[in-house]
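Have a look at the structure below before the remarks.
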Amino acid sequence: PEPFQPAAAEGALANFAADFSAASPSDLLGLVLFDVTDPAERMSIAELLATGLPVSVAVDPLTANASERAAELRAAGFEVGLLTSSLPHGARPADLAVNFNAWTEAVPEAALIVEAPEVTFQNSRGLSQHIIGLAQDGGYGLITHDIGLNTADQLAEGAGLLRAESYRLIDGGKE
């Protein structure tokens, strides 16, 4: 494998990450909200701001209004992630490359690649290697889930990629 090359200073995280400073190491808990596609069901910008929490919002880039929603969130100071839910089951690296181009075109100011709750790439070594390469090339951060072996997180750590694992999925319909 090729040696790790740090992301360029012009990468997605450098350009689009939300400002954040932790008062102590115990402040290093992040919330990532999965944006719902129905505008009637999603939190408004005012509601998100009222939480006072540093929240990142994962937008499904293939929804009809993804570009507008992501721009609205960024304008309000929120960090935006590309939600990978549109990746078909059994996808290959070539499928991922095609999808990734569509995702970044729809949400050009995303700072993160966020694994969908249904796990679309993290347990496939081939897809994981490809997504890590795309994240490195674009300077994105990567968020996966603490499920199974999580090949993607292991490979991302080895590559020196800025990454995090979610350890709990909270579903408003069940909790």
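Largest to smallest in accessible area, the residues 20, 100 fall in the order 20, 100 (1.4 Å probe, all protein chains included). The length gained by stretching the chain between residue 157 and residue 15 to full extension, at 0.36 nm per residue less their Cα-Cα distance, is 48.9 nm.
Under unit Cβ charges (Lys, Arg +1; Asp, Glu -1), what dipole magnitude, rounded to 20 debye, does segment 132-175 have relative to its Cα centre?
40
For the chain, adding -39500 (n - 2.57) for each run of n ≥ 4 DSSP H residues and dividing by the number of residues yields -10000 deg cm²/dmol at 222 nm. Ligands, DNA and RNA left out, the accessible area of the chain computed with a 1.4 Å probe is 55% carbon and sulfur.
Coupling constants for segment 144-149 follow from the phi torsions by the Karplus curve (6.51 cos²θ - 1.76 cosθ + 1.60, θ = phi - 60°), and in residue order they are 10, 10, 7, 10, x, 6 Hz; glycine and proline get x.
I'd like the FRET efficiency for residue 53 and residue 146, computed as 1/(1 + (r/R0)^6) with the beta carbon distance as r and R0 of 22 Å, rounded to 0.05.
Efficiency at R0 = 22 Å is approximately 0.60.
Gyration tensor analysis over the Cα atoms of segment 97-169 returns equivalent ellipsoid semi-axes of 18, 13, 12 Å (largest first, whole Å). Each peptide among 117-124, 87-94, 50-57 gets the average number of other Cβ atoms lying within 10 Å of its residues, and from highest to lowest they stand as 117-124, 50-57, 87-94. For segment 57-95, state which GluC sites (Glu not before Pro) are in a DSSP loop and have at most 15 other beta carbons lying within 10 Å of their beta carbon. Within segment 57-95, no GluC sites (Glu not before Pro) qualify (loop, at most 15 other Cβ atoms within 10 Å). Measuring spread by the Cα atoms of segment 39-112 yields a radius of gyration and Dmax of 13.3, 41 Å. Rounded to the nearest 20, the size of the Cβ-charge dipole of the chain about its Cα centre is 240 debye, with Lys and Arg at +1 and Asp and Glu at -1.
The values are calculated or read from the model by the stated rules, or taken from the named source; none is laboratory data. Keep in mind that this is a model prediction, so the values were computed, not measured. Neighbour counts are summed over all protein chains in view; Cβ atoms, including those assigned to glycine, are modelled from backbone coordinates with ideal geometry. Only protein heavy atoms, including side chains, enter the accessible area calculation; ligands, DNA and RNA are left aside. Shrake-Rupley method; radii C 1.70, N 1.55, O 1.52, S 1.80 Å.
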